[in-house]
Amino acid sequence: MLKINKLHKSYPIGDSSLHVLKGIDLSVESGEMVAIMGSSGSGKSTLLNIIGMLDEADEGDYILDNVPIKNLTEKKAAIYRNRFLGFIFQSFNLINYKNALDNVALPLYYQGLKRKERIEKGLFHLEKVGLKAWAEHLPSELSGGQKQRVAIARALAADPKLLLADEPTGALDTTTSYEIMAFLQQLNDEGKTILIVTHEEDIADMCKRIVRLVDGVIMEDKFVEQVRASQYV
Amino acid sequence: MRFLFERDTWQEVYDSLSKNVLRTVLTMVGVWWGVLLLIGLLGSAKGLENSFNRLFGSFATNSVFVWGQSTSKPFKGFQEGKQVVLTLFDAKKLEENIDGVEFVVPRNQNQGVVTRNFLSGSFGVNGDYPLLDRVQKKKMIHGRFINQNDIDSNKKVVIISEEIYKQLFQKDAEMIGEYIQINSINFMVVGMFENGNRSMGPTSDLHIPFTTFQQIYNQGNDIGWIMITGKPEADITQIEADAKLMLKNLHRIHPEDDRAFGSFNLGKEFAKLTGFLTGMQFLTWFVGIATLIAGVFAIGNILLITVKERTKEIGVRRALGATPFEIKRQIIVEAVFITLIAGFLGIISGGWILIGLNAAFGQGDEAVLVNASVPIAVVFIALLILVFLGTLIGLIPAFKATSIKPIDALREE
Ligand SMILES: Nc1ncnc2c1ncn2[C@@H]1O[C@H](COP(=O)(O)OP(=O)(O)OP(=O)(O)O)[C@@H](O)[C@H]1O
Ligand SMILES: [Mg+2]
């Protein structure tokens with residue numbers, strides 16, 4: 001699915017630079033559910049953003065679905081993001097003046113689908129996250145958990161191969177977090193590859209594999225027995 | 001171009017503009033005001049020009065009037081203070097010898113008492129050739145102007161103005177073929193002309209054949225003044241100078257005697273007026289376009305702020321697969337859209353202003369503004385310019401929006 005080799009990333013800080021990722025090697029197969037863990041500032045988000053093509057590495061190779069990702073034009077990157085990747089953010093990042101359905105259908109707009117088709121697909125995915133009845137509601141009228149479910153529906157709308165979630169439960173209480181995790185597990189059961197950045201152990205335990213970052217290098221990479229979230233819901 | 005016909009494009013435009021109505025309206029005011037000013041000023045300038053044209057329309061404007069005065073320098077044995085009187089011979093010489101001359105029209109005028117039955121008045125009596133009608137078009141209401149036959153046989157016929165008719169005749173009374181007395185001599189009325197514009201001088205006058213005038217006032221070949229009309233492309237100032245020099249020669253007057261002949265150069269005065277009008281139109285364009293550009297820049301500025309505020313949203317859109325082109329296109333559509341709407345409103349309200357100006361200043365014979373209007377082509381060109389400027393100004397925020405990495409846009413709070 002994806003293969004990363006000796007990946008480096010630095011950020012310029014004034015005159016010097018901050019070396020954030022110091023040679024990451026990681027490969028993820030199709031159908032995996034991986035938790036990326038680490039303390040604050042260890043470079044988790046940086047790694048995920050590079051995987052998501054929102055940012056570029058300074059050095060190293062990154063191959064996604066047999067496509068080497070290097071020196072992409074912004075247009076190509078946009079197309080890959082649209083076809084291959086679904087993003088779930090800690091702060092949901094819904095567009096506040098669009099209702100739930102329009103938010104979910106937005107990636108489909110950029111795929112060039114007809115409006116009718118977009119509404120159909122959007123409603124289908126909203127139904128999947130159990131929010132079909134909320135289709136016409138604005139984000140401001142939804143709870144945090146509902147917002148994140150709309151965001152998940154949006155990430156799923158374009159039927160991506162890889163779901164990238166940066167602390168998807170970071171802004172939610174425990175119960176709601178488990179609901180979201182149960183849902184992500186279900187998606188993984190259906191075959192979606194999922195990468196989740198988190199610093200909560202219980203959330204990581206609900207994945208199938210845990211990668212620990214310390215100071216820009218992978219210190220631990222282990223497969224674990226998945227804890228099913230549904231038992232807590 | 002398909003995206004222009006898609007509901008979503010306009011939904012996006014509507015969403016982003018209606019999110020802040022006040023700001024949208026304020027920016028539009030800039031362009032609206034520019035267009036309004038442009039249309040209002042251009043229309044008024046046109047109205048003023050039309051009014052001048054109406055004023056001078058019946059007049060050969062490339063003309064100069066010359067009359068004799070008295071000399072101020074002694075020359076060839078003549079003392080200064082010699083009375084100078086122009087003659088028909090002078091007129092003939094001028095016509096034959098001055099370059100660029102179209103017509104030379106000798107004219108005579110005297111004040112005369114005119115009576116009919118028991119009504120009478122004092123009017124200007126002009127002795128004229130048929131040629132006068134060519135250079136100072138008379139709008140005939142009834143009958144005709146002087147013709148060559150009148151001249152050849154010294155006919156006692158008269159052409160009166162509407163004003164004189166009103167003073168000497170009963171309302172609606174027949175006047176053609178009637179007789180009036182000028183200095184106790186019977187003249188037959190053969191025509192009546194419309195009162196010209198009063199600003200062009202008194203119209204309470206009448207015209208009799210030049211030759212008849214010579215006879216009854218015992219003028220011989222002397223004439224009051226000469227109207228010289230230049231060909232349309234001729235330099236009237238040059239004609240004036242040439243004519244005066246030649247007249248001085250004919251009358252044995254010192255070449256540098258500036259007082260021997262009086263003159264009024266209508267062509268020069270008219271050129272001043274037209275120059276003023278052209279200047280005003282130029283100023284109008286300048287002011288209007290400057291205001292327009294300022295307005296469009298205001299829109300660009302606001303869009304820039306909007307884009308900054310929407311950086312995060314734009315980041316989200318890009319994460320979801322929007323290409324930079326799609327982002328830019330949307331912002332430019334927004335820019336063009338508000339510029340155009342504001343421009344349309346400006347054109348409509350500009351039209352209303354012109355209608356208002358026409359109602360207030362455009363009525364009657366003495367109107368300051370005649371048919372104040374802007375050609376439709378100018379309106380279209382203005383709209384085209386607006387589209388162009390809108391696109392141009394939309395480019396700045398559009399490039400700003402896509403110049404940063406999506407991740408930096410997403411980090412923005
Ligand atoms: N755009 C940037 N410019 C400069 N430094 C940055 C930038 N982005 C991240 N950093 C720095 O890089 C380091 C890693 O950041 P990153 O966001 O990857 O950490 P993280 O592991 O996600 O932490 P957290 O758990 O707090 O989200 C941090 O020290 C951060 O300050
Ligand atoms: Mg982070």
Counting only residues that are within 16 Å of ligand 2 (Cβ to nearest atom), assigned to a loop (DSSP other than H, G, I, E, B) and small (Gly, Ala, Ser), the range A:129-175 contains a total of 2
Can you find even one residue in the range A:214-226 that is over 26 Å from A:Ala57 (Cα atoms) and within 16 Å of ligand 2 (Cβ to nearest atom)?
-> no
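Residue-by-condition table, conditions (1) in a loop (DSSP other than H, G, I, E, B); (2) open to solvent by 50 Å² or more (accessible area, probe 1.4 Å); (3) in contact with an Asp or Glu (Cβ under 9 Å, 6 or more places away or on another chain):
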{"residue": "B:Thr229", "(1), (2), (3)": "no, no, yes"}
{"residue": "B:Pro232", "(1), (2), (3)": "yes, yes, yes"}
{"residue": "B:Gln238", "(1), (2), (3)": "no, yes, yes"}
{"residue": "B:Ala241", "(1), (2), (3)": "no, yes, no"}
{"residue": "B:Leu245", "(1), (2), (3)": "no, yes, no"}
{"residue": "B:Lys248", "(1), (2), (3)": "no, no, yes"}
{"residue": "B:Arg252", "(1), (2), (3)": "yes, yes, no"}
{"residue": "B:Pro255", "(1), (2), (3)": "yes, yes, no"}
{"residue": "B:Gly262", "(1), (2), (3)": "no, no, no"}
Test: B:Gly40 is part of a helix (DSSP H, G or I) and either of a type outside the set (Ser, Thr, Tyr) or open to solvent by 40 Å² or more (accessible area, probe 1.4 Å) (or both) | yes
Spot the failing condition for A:Arg115; the list is (1) within 9 Å of chain B (Cβ to nearest Cβ); (2) buried (at least 24 other Cβ atoms within 10 Å of the Cβ), and only one is missed.
-> (2)
How many of the residues in the range A:84-104 are open to solvent by 20 Å² or more (accessible area, probe 1.4 Å) and under 12 Å from B:Glu313 (Cα atoms)?
-> 4
Using the structure shown, decide if B:Thr291 is assigned to a helix (DSSP H, G or I), within 14 Å of chain A (Cβ to nearest Cβ) and at pLDDT below 85.
-> no
Selection from the range B:308-352 of residues surrounded by 18 or more Cβ atoms within 10 Å (Cβ to Cβ) and farther than 30 Å from A:Leu108 by Cβ yields B:Thr339, B:Ala342, B:Gly343, B:Gly346, B:Ile347, B:Gly350
Kindly provide the set of residues from the range B:1-34 that are closer than 20 Å to B:Ala398 by Cα, at pLDDT 80 or above and either open to solvent by 50 Å² or more (accessible area, probe 1.4 Å) or not assigned by TED's automatic domain parsing to the domain that holds B:Val307 (or both), ordered by number.
-> B:Trp10, B:Gln11, B:Tyr14
In this structure, is B:Gly295 outside the structural domain of B:Ile338 (by TED's automatic domain parsing) and surrounded by 16 or more Cβ atoms within 10 Å (Cβ to Cβ)?
-> no
Matching option when the condition is touching a residue at least 40 places away in the same chain (Cβ under 8 Å), open to solvent by less than 20 Å² (accessible area, probe 1.4 Å) and within 24 Å of A:Ile79 (Cα to Cα), among A:Val28, A:Val34 | A:Val28
Kindly provide the set of residues from the range A:37-61 that are within 14 Å of chain B (Cβ to nearest Cβ), open to solvent by 20 Å² or more (accessible area, probe 1.4 Å), more than 13 Å from ligand 2 (Cβ to nearest atom) and of a type outside the set (D, E, K, R), ordered by number.
-> A:Ala57
Output the residues belonging to the range B:359-384 that are of a type in the set (A, V, I, L, M), closer than 16 Å to B:Ile289 by Cβ and open to solvent by 70 Å² or more (accessible area, probe 1.4 Å).
-> B:Ile381, B:Leu384
Only one of these is over 16 Å from B:Arg318 (Cα atoms), among the β-branched types (Val, Ile, Thr) and away from ligand 1 (no atom under 16 Å from the Cβ): A:Val67, A:Val34. Name it.
-> A:Val67
Where in the range B:47-134 are there strands (runs of 3 or more DSSP E), lying fully within it, with 2 or more residues that are under 22 Å from B:Pro232 (Cα atoms)?
-> B:63-68, B:101-116
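The values are calculated or read from the model by the stated rules, or taken from the named source; none is laboratory data. As the structure is a prediction and not an experimental result, all values here were calculated from the model. Every residue, glycine among them, receives a Cβ derived from its backbone with ideal geometry; neighbour counts consider all protein chains shown. Quick note on the areas: whole protein, heavy atoms, side chains included, nothing else; ligands and nucleic acids left out. Shrake-Rupley method; radii C 1.70, N 1.55, O 1.52, S 1.80 Å.
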